[in-house]
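First the structure, in the form of structure tokens, and then the observations on it.
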Amino acid sequence: MNISTVSELLKLDKTLIDVEVKGWVRTFRANRFIALNDGSTINNIQCVVDFENTNENLLKRITTGAAVYIKGTLVESQGKGQKVELQVNTIEILGDADPEEVSKTILQPKRHTLEFLREQAHLRTRTNTFSAVMRLRSSLSFAIHEYFNKNGFYNMHAPIITGSDAEGAGEMFRVSTLDPKNPPLSEDGEIDYTQDFFGKETNLTVSGQLEAETYAMSLGKVYTFGPTFRAENSNTSRHLAEFWMIEPEVAFMDLDGNMDLAEDFLKYVLKYILESNKEDLAFLEQRLIQEDKTKPQIERSTMTLTEKLRFVIDNNFKRVSYTEAIDILRNSKPNKKKKFKYLINEWGADLQSEHERFLVEKHFKCPVILFDYPANIKAFYMRLNEDEKTVRAMDILFPGIGEIVGGSQREERLEVLKEKMAALDIPEEELWWYLDIRKYGTAVHSGFGLGFERLVMFATGMSNIRDVIPYPRTPQNAEF
Ligand code: 4AD
Ligand code: MG
């Protein structure tokens, strides 16, 4: 006989059949009712033990957290809350869980804070909240690959170790095999990286974009989906030092096409989970409703989780130029009343998350695509507009999240790109291969980067990015 998953069993409409299942005991009540979960669904299956005919020592080992192998008969449930339950014929303990030890952990079935759950990240997917979040994360990942596959994109694996700094932000993790206590020095006393593993300085990638551009300029439509690393010391609820990014890059596509692609793509993946992860979403929605009740009235959400997802799917994203956005912000109440931490006084100011969230949550009340940013607050590779002040950049802002996507049309003109690099002191030798693309059949091309964890945050309603990635890496924290 095959081992069934809990999910399969709960879907069966046949009863009085013999089945086998393996899983972990969530609770064991009245020496009789096991709530069993195996991760295949948010729901547990109730397994009813005939305690009068079960060895007492065995009964004692049915404890919260224990792994068990049950053979039994699926029957219609007498109790409420479930259609079917399992009448246990035999139960084997595959792995014990000592109640004394379990009582110190998050396995103990009661409410725990998210902070406490984070301290036991290796156990937290045994809880409803985290198993739901991680199943949704997995579904979103699948939907992303499915979207690009259906639309003629090739998946490209960009390198993790790079010799260039794509964003020019200088916030990279160094990769080296030199002895930190005794590195080889050159004549002028600097560390001699020619003796390092790669014969040069190398880092963990901050973005696969530059490499993706070279592939778009031969394969046409490509996307990367990989880990990226940023050593920025920002300890916020939206930043990780290691996060996953999706970066499509398309030849012959301009910024308008880029906005259309991003909007269509985001709607597709959110629609996918609405249809495929109903139970997990329903659980997370209830969780948020409960959480909201503990908040003051004004902080409460006006929409439920599924309403928020629906809202994004059903409405056009508002497309607004940076210049228009600055006008709105300059004349906004929080700016006039000096409520913003960073006041908006003039054109050219970089937008902070407080400004982004004002635009999305208070002013437009829908997802916003900001475009045509000032050249000097954006990366070197973005295409310069005719006004020579702004670049063809776009950021997508989501309610509750702020920036979720950053992208641009790329500078395809060799001379303009070289000038820009010179002005920013970016050595041509380092990016000769990137410049080459502009020498041999250059063309308009564009792409964007979606921060995967920010998408998972939006889709699950989790408010801290540490709670949507299995093992978060943040400043001072690389446990597990
Ligand atoms: O805006 P960013 O820095 O853009 C790029 O890296 C471009 N090369 C993308 C491209 O055009 N191909 O990052 C893209 C997205 C952000 O909008 C944000 O969602 C996410 O990546 N992101 C982070 N997510 C978590 N932690 C961090 N430290 C992040 N930094 C950026
Ligand atoms: Mg950005």
Q. Counting other Cβ atoms within 10 Å of each Cβ, which trypsin sites (Lys or Arg not before Pro) in the stretch 417-450 have at most 12 and sit in a DSSP loop?
A. 439
**Q.** R0 of 56 Å, Cβ-Cβ distance residue 2-residue 336: FRET efficiency to nearest 0.05
**A.** 0.25
Q) Considering the dipole of the stretch 123-217 built from charges on the beta carbon (Lys and Arg +1, Asp and Glu -1) around the Cα centre, which of 209, 156, 129 is farthest to its positive end? A) 129
**Q.** Subset of 150/378; 22/150; 221/378 violating a 30 Å alpha-carbon distance limit
**A.** 150/378; 22/150
Q) For the chain, what is the calculated [θ] at 222 nm in deg cm²/dmol (nearest 500), taking -39500 (n - 2.57) for each run of four or more DSSP H residues and dividing by its residue count? A) -9000 deg cm²/dmol
**Q.** Stokes-Einstein D (µm²/s) once Rh is taken as the Kirkwood radius of the stretch 337-480 over alpha-carbon pairs, at 20 °C in 1.002 mPa s
**A.** 122 µm²/s
Q | Order of 301, 446, 237 - criterion: other Cβ atoms within 10 Å of each residue's Cβ, fewest first | A | 237, 301, 446
Q | Links that overshoot a 21 Å alpha carbon limit, given the list 80/308; 418/439; 271/318; 389/420 | A | 80/308
Q: Place a +1 charge on the Cβ of each Lys and Arg in the stretch 1-81 and a -1 charge on the Cβ of each Asp and Glu, then give the dipole magnitude about the Cα centre in debye, rounded to the nearest 20.
A: 280 debye
Q.
Loop only by DSSP, 16 or fewer other Cβ within 10 Å of the Cβ. Give me the GluC sites (Glu not before Pro) in the stretch 297-348 that pass, ordered by residue number.
A. 346
Q. Using θ = phi - 60° and the Karplus form 6.51 cos²θ - 1.76 cosθ + 1.60, what ³J(HN,Hα) does each residue of the stretch 139-145 get, whole Hz, x for Gly and Pro?
A. 5, 4, 4, 4, 4, 5, 4
Q: Run the dipole for the chain about the Cα centre, Lys and Arg Cβ at +1, Asp and Glu Cβ at -1, nothing else charged, and hand back the magnitude in debye, nearest 20.
A: 2360 debye
Q: Using 0.36 nm per residue of separation minus the Cα-Cα distance, give me the extension gain between residue 347 and residue 237 in nm, one decimal.
A: 36.8 nm
Q: Restrict the search to the stretch 110-175; then list the GluC sites (Glu not before Pro) that DSSP places in a loop and that have at most 16 other Cβ atoms within 10 Å of their Cβ.
A: 171
Q) So how do 432, 24 line up by other beta-carbon neighbours within 10 Å, fewest first? A) 432, 24
Q. In µm²/s, what is D for the chain at 37 °C and 0.692 mPa s, where D = kT/(6 pi eta Rh) by Stokes-Einstein and Rh is the Kirkwood radius from Cα pairs?
A. 128 µm²/s
Q: Any aspartates and glutamates with Cα under 20 Å of the residue 104 Cα? List them, leaving off those in the same chain fewer than 8 positions away.
A: 96, 115, 119, 479
Q | Cα-derived Rg to Rh of the stretch 21-98, Kirkwood definition | A | 0.92
Q | the chain, relative contact order in percent, only Cα pairs under 8 angstrom and at least six apart counted | A | 13 percent
Q) Hey, what's the Cα Rg ratio for the stretch 273-382 versus the globular rule of thumb, 2.2 N^0.38 Å? A) 1.32
Q: Could you tell me which of 334, 391, 344 has its Cα farthest along the dipole of the stretch 333-395 towards the positive end, charges placed at Cβ (Lys, Arg +1; Asp, Glu -1), taken about the Cα centre?
A: 334
Q) Which peptide among 354-363, 151-160 comes first, and what is the full order, when sorted by highest mean count of other Cβ atoms within 10 Å? A) 354-363, 151-160
Q: Take the Cβ-Cβ distance between residue 18 and residue 119 as r, set R0 to 30 Å, and report the resulting FRET efficiency rounded to the nearest 0.05.
A: 0.10
Q. What order do you get for 90-103, 124-137, 58-71, 280-293 when each peptide is scored by the mean count of other beta carbon atoms within 10 Å, highest first?
A. 124-137, 58-71, 280-293, 90-103
Q: With a 10 Å radius around each residue's Cβ, average the other Cβ atoms per peptide and rank 389-395, 195-201, highest first.
A: 389-395, 195-201
(Q) Place a point 7 Å from the Cα of residue 151 along the Cα-to-Cβ direction; which residues of the stretch 194-231 have their backbone N under 13 Å from it? (A) 221-224
Q | Förster-model FRET efficiency, 30 Å R0, residue 111 and residue 76, C-beta, rounded to 0.05 | A | 0.40
Q. According to a simple spin-label model (label point 7 Å from Cα along Cα-to-Cβ), what is the distance in nm between residue 286 and residue 218?
A. 5.3 nm
Q. Taking only Cα atoms, what is the 0 to 90° angle, nearest 10, from helix 305-314's long axis to the longest principal axis of the chain?
A. 40 degrees
Q) Once phi is turned into θ = phi - 60°, what whole-Hz ³J(HN,Hα) does the Karplus curve with 6.51, -1.76 and 1.60 give for every residue of the stretch 6-23, x standing for Gly and Pro? A) 4, 4, 5, 4, 5, 8, 5, 9, 8, 10, 6, 10, 8, 9, 10, 8, 10, x
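Computed from the coordinates by the stated procedures, all read-outs in this text should not be read as laboratory data. Because the structure is predicted, anything quoted here is derived from the model rather than measured. Neighbour counts run over all protein chains shown; Cβ positions are idealised from the backbone, glycine included.
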